[in-house]
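Read through the structure below, which is laid out as structure tokens, and then see the notes.
The values are calculated or read from the model by the stated rules, or taken from the named source; none is laboratory data. Just so it is clear, the structure is predicted and the values come from calculations on it, not from any experiment. For neighbour counting, all protein chains shown are included, and Cβ atoms are generated from backbone atoms with ideal geometry for every residue, glycine included.
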């Protein structure tokens, strides 16, 4: 009887641990495997690149201080200490890979914030991308380089 109780407790403990360690599929990026294997087409190498990013919606500079944004991937991430500093640990990581790690969504047409606010270009306003102070419509397709400064700016009409 004691072995049965101990077995049940172990089973519950293991099941709970698996549940708690399982990624939250509601916020985990759909292409997490792509992020984790980014750069494998070429000879992928470890690196230590830093870049910065800013997202401005109308006159609000968005904060990424909330822990839900931090350390979401081993290959590209931000930390609590410097939440606007992107750390890239593997070659071949693009801006789209980085943004896909965050619990938000960013495409060339729309920004869905971590709070669920949807901001799309068109009737709502404009969504523009800048890389190193120059407008770059293809920012999301660019590989993150040392010292890059990305700016995503939504302006409503």
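Observations, loosely collected:
- Restricting attention to segment 123-135, the residues being exposed (fewer than 15 other Cβ atoms within 10 Å of the Cβ) and touching a strand residue (DSSP E or B) at 6+ places or on another chain (Cβ under 9 Å) number 5.
- Unmet requirement for residue 59, which otherwise passes all of (1) within 19 Å of residue 130 (Cβ to Cβ); (2) surrounded by 17 or more Cβ atoms within 10 Å (Cβ to Cβ); (3) modelled with pLDDT under 95: (2)
- Filter pass, residue 64 being crowded, with 18+ Cβ neighbours inside 10 Å, modelled with pLDDT of 50 or more, part of a loop (DSSP other than H, G, I, E, B) and at negative phi: yes
- Verdict on residue 44 being at pLDDT 50 or above, in a loop (DSSP other than H, G, I, E, B) and closer than 30 Å to residue 126 by Cβ: no
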